[in-house]
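Computed from the coordinates by the stated procedures, all read-outs in this text should not be read as laboratory data. Since this is a predicted model, take the numbers as computed values, not measurements. Please note: Cβ atoms are built from the backbone with ideal geometry, for glycine as well, and neighbour counts cover all protein chains shown.
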Amino acid sequence: MRKLRVKSSSGGYDVLVGRGAWRALRRTKGYSSTFVLTEPGLWNRWGKKFSREAGVPGMKPLLVPAGEASKSLMWAGKIASQLLDRGADRRSLLIAFGGGVVGDLGGFVASTFMRGIDYVQAPTTILAQVDSSMGGKTAVNIRAMKNLVGTICAPKLVVSDPCVLASMTPRAFRSGLYEVVKHGILSGPGLFNWLERIVPGLRAKDAPLLETLVVRAAQVKVDVVSRDEREAELRQVLNLGHTFGHAIEEATGYRRFLHGEAVAWGLLMVTRLAELAGVLELAAGKRIARLVRAVGPLPGITGVREERVLGLLTRDKKAVGGKVLWILPERIGKVRLTSDVSRDAVVRAFREVQRGEWNA
């Protein structure tokens with residue numbers, strides 16, 4: 001078991017990674033009632049084990065459908081109503097047991113129900129264990145805009161058990177690994193070089209190796225959010241690949257790509273953009289693109305409308321006055337935040353990656 005510590009304005013919280021991490025929930029005392037927000041398939045597969053290890057047998061979960069559509073104000077209202085009907089009060093605890101959708105939705109509900117109740121993140125996907133469960137960002141989507149309405153509210157605890165990753169589909173597993181690649185680019189040669197060695201043969205059942213991977217990748221997120229909880233500037237580096245990625249998700253109605261897959265295409269595009277902007281050497285660009293592709297096959301991007309994606313870029317949450325704030329890799333271990341990027345370069349980067357014309 002490994003313990004990481006996140007510093008926050010609320011006093012900080014622990015991130016526990018390893019076999020048996022769910023047992024730490026037995027130490028959450030003093031609550032009038034405890035509720036679990038999760039998805040039906042996940043609960044059917046892991047609910048009994050989770051309830052037993054968490055020390056809350058017989059717990060009846062609050063269920064939401066799997067998929068991005070559940071991250072909505074409608075579902076937030078439904079969950080809040082169910083909490084009220086089941087007797088939740090200001091001393092209740094909500095556990096978000098699931099991937100990024102459940103974590104974001106659960107955190108949002110907890111931060112707003114009765115003006116805020118405590119919650120715990122129990123992430124069940126690679127992406128959530130290394131990234132979205134930490135930092136206190138909560139959100140729901142509004143129409144085509146991802147995470148438009150949300151809060152920053154730190155969980156009381158994060159418990160990540162790699163055992164649950166064994167039931168992930170290969171596609172969902174790869175989706176999370178693309179986010180790990182992003183952390184490798186941000187972290188530097190140590191993590192990046194290690195990922196180059198282990199990613200090609202990595203499988204969801206490699207529990208000991210996955211525990212190490214989750215710890216190393218999660219440490220990157222912990223270090224950043226501990227220094228910049230409210231995304232003043234430093235935390236924005238975590239959006240590497242997400243500007244293109246979010247636009248691609250939105251342009252395809254969240255139906256064609258998993259989040260990590262869209263981020264992977266975004267990483268390729270922003271890497272090419274950094275080359276065109278003259279801030280990234282071609283050799284480093286090749287290594288980044290090679291590691292992204294080493295994770296596994298990506299769903300094709302042909303047919304995604306260029307004008308739709310480019311039009312959505314200026315609606316990104318980081319855009320100010322219609323100018324996009326780009327996070328460009330300068331080298332492995334360093335990125336640059338800049339709005340000084342020509343539209344021609346953005347268009348060229350998108351086209352070359354989409355059409356397979358960039359031979360990185």
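Applying the Kirkwood pairwise sum to the alpha-carbon positions of segment 83-154 produces a hydrodynamic radius of 12.3 angstrom. Contact order for segment 164-266, expressed relative to its length and based on alpha carbon pairs under 8 Å spaced 6+ residues apart, stands at 33 percent. Pairing the Cα long axis of helix 73-85 with the longest principal axis of the chain, what angle in degrees results, from 0 to 90 and rounded to the nearest 10? Roughly 10 degrees, rounded to the nearest 10.
Using the count of nearby Cβ atoms within 10 Å as a rough guide to exposure, how do R348, R26 rank from fewest to most? The partial results should precede the final answer.
Details: R348 16, R26 11.
So the ranking, lowest neighbour count to highest, is R26, R348.
Could you please rank K221, K3, placing first whichever residue has the fewest other Cβ atoms within 10 Å of its Cβ? Before the final figure, lay out each step's value.
Values: K221 23, K3 12.
With the fewest neighbours first, K221, K3 line up as K3, K221.
Can you pull the Rg over Rh of the chain, Cα-only, Kirkwood? When Rh is taken as the Kirkwood radius, the ratio is 0.96.
If you average 1/r over all unlike Cα pairs in segment 161-282 and invert the result, what Kirkwood radius do you get in angstrom?
On the way: mean 1/r = 0.0647 Å⁻¹.
By the Kirkwood definition, the hydrodynamic radius is 15.5 Å.
Report, for segment 1-156, the % of DSSP beta bridges that are antiparallel, rounded to 5.
Details: 10 of 23 bridges.
Looking only at bridges with both residues in segment 1-156, the antiparallel portion is about 45 percent.
Relative contact order of the chain: 15 percent, from C-alpha pairs under 8 Å at least 6 residues apart in sequence. Remark: relative contact order (segment 2-163) = 27 percent; criterion is Cα-Cα distance under 8 angstrom and separation of 6 or more residues.
Dipole magnitude for segment 2-163: computed about the Cα centre from +1 point charges on Lys and Arg Cβ and -1 point charges on Asp and Glu Cβ, it is near 460 debye.
Please go through segment 235-274 and write out the trypsin sites (Lys or Arg not before Pro) that DSSP classes as loop and that have at most 11 other C-beta atoms within 10 Å. Before the final figure, lay out the partial values.
Numbers: sites: R235, R255, R256, R272; in loops: R255, R256.
Of the trypsin sites (Lys or Arg not before Pro), the ones in loops of segment 235-274 whose Cβ has at most 11 other Cβ atoms within 10 Å are R255.
Per-residue 3J(HN,Hα) values for segment 345-357, derived from phi via the Karplus relation 6.51 cos²θ - 1.76 cosθ + 1.60 with θ = phi - 60°, read 5, 4, 4, 5, 4, 4, 5, 5, 6, 4, 8, x, 8 Hz in sequence order (x marks Gly and Pro).
In the distance distribution for segment 2-163, Cα-Cα pairs more than 26 Å apart total 17 percent.
About its Cα centre, what dipole magnitude does segment 172-304 give when the only charges are +1 on Lys and Arg Cβ and -1 on Asp and Glu Cβ, stated in debye to the nearest 20?
Details: 17 positive and 14 negative charges, 92 e Å.
That gives a dipole near 440 debye.
The charge dipole of the chain, taken about its Cα centre with unit charges on the Cβ of Lys, Arg, Asp and Glu (plus for the first two, minus for the last two), comes to roughly 780 debye. When the charge dipole of the chain is built from unit charges on Cβ atoms (+1 for Lys and Arg, -1 for Asp and Glu) and taken about the Cα centre, the candidate among S187, L157, S8 whose Cα reaches farthest toward its positive end is L157.
Would you give the gap between the C-alpha center of segment 283-360 and the C-alpha center of segment 1-76, rounded to a whole Å? The two parts, judged by their Cα centres, are 35 Å apart.
So, by mean Cβ neighbours within 10 angstrom, what's the order for 129-135, 283-289, 44-50 with the highest one leading? List each step's numbers first, then the result.
Working: 129-135: 28.0, 283-289: 18.0, 44-50: 16.0.
Highest mean packing first, the order is 129-135, 283-289, 44-50.
Summarising the amide proton neighbourhood of K137: residues at separation of 5 or more, or on other chains, whose placed amide H is nearer than 5 Å comprise C153.
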